[in-house]
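Participant: Just passing along the structure, written as structure tokens.
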Amino acid sequence: AAMVQKYQSPVRVYKHPFELIMAAYERRFPTCPLIPMFVASDTVNEYKSEDEAIHVIERRCKLDIDAPRLLKKIAGVDYVYFVQKNSLNRRERTLHIEAYNETFSNRVIINEHCSYTVHPDNEDWTCFEQSASLDIKSFFGFESTVEKIAMKQYTSNIKKGKEIIEYYLKQLEEEGITFVPRWTPPVACKSESSTSHTRRPVSPAINIPESATKEGSNNKEILNTSSSPSEPTAGTPDDKLDADYIKRYLGDLTPMQESCLIRLRQWLQETHKGKIPKDEHILRFLRARDFNIDKAREILCQSLTWRKQHQVDYILDTWNPPQVLQDYYAGGWHHHDKDGRPLYVLRLGQMDTKGLVRALGEEALLRYVLSINEEGLRRCEENTKVFGRPISSWTCLVDLEGLNMRHLWRPGVKALLRIIEVVEANYPETLGRLLILRAPRVFPVLWTLVSPFIDDNTRKKFLIYAGNDYQGPGGLLDYIDKEIIPDFLGGECMCEVPEGGLVPKSLYRTAEELENEDIKLWTETIYQSASVFKGAPHEVLIQIVDASSVITWDFDVCKGDIVFNIFHSKRAPQPPKKDSLAAHSITSPGGNNVQLIDKVWQLGRDYSMVESPLICKEGESVQGSHVTRWPGFYILQWKFHNMPACATTNLPRVDDVLASLQVSSHKCKVMYYTEVIGSEDFRGSMTSLESSHSGFSQLSAATTSSSQSHSSSMISR
């Protein structure tokens, strides 16, 4: 069975009033020269309300699909019929269009929904959006062919939609029609004196409060959009992406690519509770997986969890690289290339990789490379603003002059491979071009060791020059302006990048010292991780002395679905027995899993539930708080979420059975942080909870806290 194909458009903004757009839209019926496949359309049903505010019209449209003759012959049809139902509401100024196929409706299900509405911030502009789904149940064995044809036809028509409206707007203008009055309620005239009132609703001033009240007190929206008139603001309803913004900040995407971005972003907004990466970063993960939305979602979620676990958001602000790195790491940012991409220069041949690994350990080295990548993301954003076009990757210039056998030292190569792996996984599609200069004779050996670890997409961007070839035709000058070619490559630009050199042996540290240091670096995280198994929840004990305290929590579900509970008990649970852990130690090396609630305890007698259970899906980030009413012991519990059996029958669903056969599906992983705050400090700290413990702050445009418990939402209001 084929997958259901889905499409969701960005918001397209027409800088014309709704009524004029409607006049243009009406002209595409019954036929339209710009859509040759649209052969005819007949009105099947029509309804008009008495005051003419509502107009519903149903048409049967005849399409001549551009498909191979053979396929038409097999299908036994020349034309395909669609039913299109348009509901125009002149009072609300909306048009909703629903369309579905009548031909082959038992084999293929096509649904489309489009809407024209008034722009929320400017009532003289009109927004257009469309979404569709295609489900091919069966088609004489030609399912995938039909799917390809349908998708091709559909995406080419999306492009045309805008042209058609603009074509008819121009036609209207040529006929002298540039204004269509708004609908006004008919008034029954009783006497002459009341006629002055009949014209009032035309004045737009009356429509303004109406739309303002409808939006609720949403003044924030209106304020945000006035930031700077020259930049296209993303002033679209409910934080949707509009087509102009995509073009300016993200580049030329095909309709299906736009659709993937919008759908993945929507999914993130729903599951990650407001902490989502910037659009250009989401797009990088989609590009890395050729816009396969499921694969992209998987690597993006892993990366978000990793960022949170290792506090990557705070690297640029909080981590100061050790002096050894500042002195001996021969790399740095240096202006930009001819395409406006930030340029990073690395004098690898001058760098004592062995010395750096011995003096710092690979963790500190990795951390430094991460901070370079974070800085790269920041520079791309900056250059996108400066150059007025989307720039989402950087260029790296690696000078191998001086490379020798010392660079092939195993631990050094191992560190390099590990760093490449982490960067590939978390900064996909950030390397626009890699220029490798002055490659010596040992280089092919190193290259054979490293290249298998590098993604194919990335490898295509490598240019390798031996000796002084980079100075010849097709060399550096093709990619970098003459004025900024660094001095050590024979250019005239002073390059601030450190020169490297050998790290003094006195700075080397023993394996033990490094070992301890390594642990310190990566566990500098405020989060703890726990494993949750079927039948073995993870529980955390919090003892409350002062009755009116606030327990706060913030956790990520990294794997599996879980149920989160919070209980209260007057007596202390027994300390966890070691043997309960031993049972699981096979499946969870070092996985933290603790049970506190005694098997003989009864809910309602020995302990009570103080918040309703919360089901959390894989990938979700949850923040919340509970105001305690009694002193005593509180237990936070993360429990394996059992899928309910199918509602209609009590037999388990096939998927459930399959899932239960996979051992890995019995294990969930959670990363959590909890803190107890006195209630008087709570008000002030609500903000600190939002900002400091939401791990993706740097990457996210907005951070919101989901206070899911009733008690906390009352306080934070």
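The values are calculated or read from the model by the stated rules, or taken from the named source; none is laboratory data. Since we're looking at a predicted model, the values are computed, not measured. Glycine also receives a Cβ, built like all others from the backbone with ideal geometry; neighbour counts cover every protein chain displayed. Ligands, DNA and RNA are stripped out before the accessible areas are found, and what is left, the full protein with its side chains, is counted by its heavy atoms. Shrake-Rupley method; radii C 1.70, N 1.55, O 1.52, S 1.80 Å.
Participant: Taking the range 12-66 on its own, how many of its residues are of a type in the set (Asp, Glu), under 26 Å from Asp78 (Cβ atoms) and in a loop (DSSP other than H, G, I, E, B)? Steps first, please.
Facilitator: Let us first name the residues in the range 12-66 that are of a type in the set (Asp, Glu), namely 19, 26, 42, 46, 50-52, 58, 64, 66.
Then keep just the ones that are under 26 Å from Asp78 (Cβ atoms); that gives 42, 58, 64, 66.
From what is left, the residues that are in a loop (DSSP other than H, G, I, E, B) are 64, 66.
The qualifying residues number 2.
Participant: So, Ala415, is that one in a helix (DSSP H, G or I) and either open to solvent by 20 Å² or more (accessible area, probe 1.4 Å) or outside the structural domain of Trp333 (by the TED database) (or both) or not? Before you say what the answer is, go through the steps one by one.
Facilitator: On the way: in a helix (DSSP H, G or I): yes; either open to solvent by 20 Å² or more (accessible area, probe 1.4 Å) or outside the structural domain of Trp333 (by the TED database) (or both): no.
Against the criterion (in a helix (DSSP H, G or I) and either open to solvent by 20 Å² or more (accessible area, probe 1.4 Å) or outside the structural domain of Trp333 (by the TED database) (or both)), Ala415 does not qualify.
Participant: Something else about it: Is it the case that the range 101-110 has a residue that's among the basic types (Lys, Arg) and within 22 Å of Lys6 (Cβ to Cβ)?
Facilitator: Yes, some residue in the range 101-110 is among the basic types (Lys, Arg) and within 22 Å of Lys6 (Cβ to Cβ).
Okay, residues lined up against (1) aromatic (Phe, Trp, Tyr); (2) at pLDDT below 90:
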position	(1), (2)
Arg410	no, yes
Glu424	no, yes
Ile436	no, no
Ile454	no, yes
Tyr465	yes, yes
Leu476	no, no
Tyr479	yes, no
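Participant: Just checking, does the range 90-101 include any residue being in a strand (DSSP E or B), more than 30 Å from Val187 (Cα to Cα) and either among the charged types (D, E, K, R) or not assigned by the TED database to the domain that holds Glu123 (or both)?
Facilitator: Taking every residue of the range 90-101 in turn, at least one turns out to be in a strand (DSSP E or B), more than 30 Å from Val187 (Cα to Cα) and either among the charged types (D, E, K, R) or not assigned by the TED database to the domain that holds Glu123 (or both).
Participant: Can you tell me how many residues within the range 93-118 are modelled with pLDDT under 95 and in contact with a Gly (Cβ under 9 Å, 6 or more places away or on another chain)?
Facilitator: The number of residues fulfilling the criteria is 0.
Participant: Considering only residues that are closer than 19 Å to Tyr14 by Cβ, open to solvent by 30 Å² or more (accessible area, probe 1.4 Å) and at pLDDT 50 or above, which ones fall in the range 224-242?
Facilitator: Correct list: Asp238, Lys240.
Participant: Here is a check on your reading of the model: is Leu70 closer than 23 Å to Tyr116 by Cα, modelled with pLDDT under 90, outside any strand (DSSP E or B) and in the same structural domain as Ser138 (by the TED database)?
Facilitator: no
Participant: Filter the range 496-509 for residues that are buried (at least 18 other Cβ atoms within 10 Å of the Cβ) and not small (Gly, Ala, Ser); which is nearest to Leu400 (Cα to Cα)?
Facilitator: Val497
Participant: Determine if the range 343-362 includes at least one residue that is surrounded by fewer than 20 Cβ atoms within 10 Å (Cβ to Cβ), of a type outside the set (Lys, Arg), in contact with a helix residue (DSSP H, G or I) (Cβ under 6 Å, 6 or more places away or on another chain) and in contact (Cβ under 8 Å) with a residue 24 or more places away in the chain.
Facilitator: Checked against the condition, which is being surrounded by fewer than 20 Cβ atoms within 10 Å (Cβ to Cβ), of a type outside the set (Lys, Arg), in contact with a helix residue (DSSP H, G or I) (Cβ under 6 Å, 6 or more places away or on another chain) and in contact (Cβ under 8 Å) with a residue 24 or more places away in the chain, the range 343-362 yields at least one hit.
Participant: Out of everything in the range 322-333 that is closer than 25 Å to Phe488 by Cα and assigned to a loop (DSSP other than H, G, I, E, B), what residue ends up being most open to solvent (accessible area, probe 1.4 Å)?
Facilitator: Tyr329
Participant: Now a separate question. Just checking, how many residues over the range 69-89 are open to solvent by 40 Å² or more (accessible area, probe 1.4 Å) and in contact with a helix residue (DSSP H, G or I) (Cβ under 8 Å, 6 or more places away or on another chain)?
Facilitator: Total satisfying the criteria: 1.
Residues checked against (1) within 20 Å of Ser393 (Cβ to Cβ); (2) assigned to a helix (DSSP H, G or I):
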residue	(1), (2)
Glu280	yes, yes
Ile315	yes, yes
Gly340	yes, no
Tyr344	yes, no
Gly355	no, yes
Leu365	no, yes
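Participant: What strands (runs of 3 or more DSSP E), lying completely within the range 551-647, carry at least 1 residues that are open to solvent by less than 30 Å² (accessible area, probe 1.4 Å), at pLDDT below 85 and β-branched (Val, Ile, Thr)?
Facilitator: 621-627
Participant: Here's a check for you: in the range 119-141, which residue that is open to solvent by 50 Å² or more (accessible area, probe 1.4 Å) and at pLDDT below 90 is farthest from Lys73 (Cα to Cα)?
Facilitator: Looking at residues that are open to solvent by 50 Å² or more (accessible area, probe 1.4 Å) and at pLDDT below 90, I get Lys137.
Participant: Please list, ordered by first then second residue, the pairs with beta carbon atoms under 8 Å, 6 or more apart or interchain, first in the range 279-300 and on the phi > 0 side of the Ramachandran plot, second in a helix (DSSP H, G or I) and not acidic (Asp, Glu).
Facilitator: Sorted first by the residue in the range 279-300, then by its partner, the pairs are Phe291/Met256; Phe291/Gln257; Phe291/Cys260.
Participant: Another question, if that's okay. Do we have Glu401 as at pLDDT 95 or above and either under 26 Å from Gly491 (Cβ atoms) or of a type in the set (S, T, N, Q) (or both) here?
Facilitator: Values: at pLDDT 95 or above: no; either under 26 Å from Gly491 (Cβ atoms) or of a type in the set (S, T, N, Q) (or both): yes.
No, not satisfied.
Participant: OK, next. From (1) open to solvent by 40 Å² or more (accessible area, probe 1.4 Å); (2) at pLDDT below 90; (3) more than 28 Å from Pro255 (Cα to Cα), pick out the condition that doesn't hold for Ser144.
Facilitator: Condition (3) is where Ser144 drops out.
Participant: Out of the residues in the range 102-118 meeting the condition of being part of a loop (DSSP other than H, G, I, E, B) and open to solvent by 60 Å² or more (accessible area, probe 1.4 Å), tell me which one is farthest from Glu147 (Cα to Cα).
Facilitator: Checking each candidate, the answer is Glu102.
Participant: A further question follows. So, Arg441, is that one under 18 Å from Leu348 (Cβ atoms) and assigned to a loop (DSSP other than H, G, I, E, B) or not?
Facilitator: Considered against the rule, which asks whether it is under 18 Å from Leu348 (Cβ atoms) and assigned to a loop (DSSP other than H, G, I, E, B), Arg441 comes out as yes.
Participant: Might you check whether a residue that is aromatic (Phe, Trp, Tyr) and at pLDDT below 90 occurs anywhere in the range 481-490?
Facilitator: First, the residues of the range 481-490 that are aromatic (Phe, Trp, Tyr): 488.
So of that shortlist, the ones also at pLDDT below 90 come out as none.
So far as the range 481-490 goes, no, none of its residues is aromatic (Phe, Trp, Tyr) and at pLDDT below 90.
Participant: Out of all the residues in the range 130-155, which are touching an Asp or Glu at 6+ places or on another chain (Cβ under 9 Å) and not charged (D, E, K, R)?
Facilitator: Those that are touching an Asp or Glu at 6+ places or on another chain (Cβ under 9 Å) and not charged (D, E, K, R): Gln130, Ser131, Ala132, Ser133, Leu134, Ile136, Phe139, Ile149, Gln153, Tyr154.
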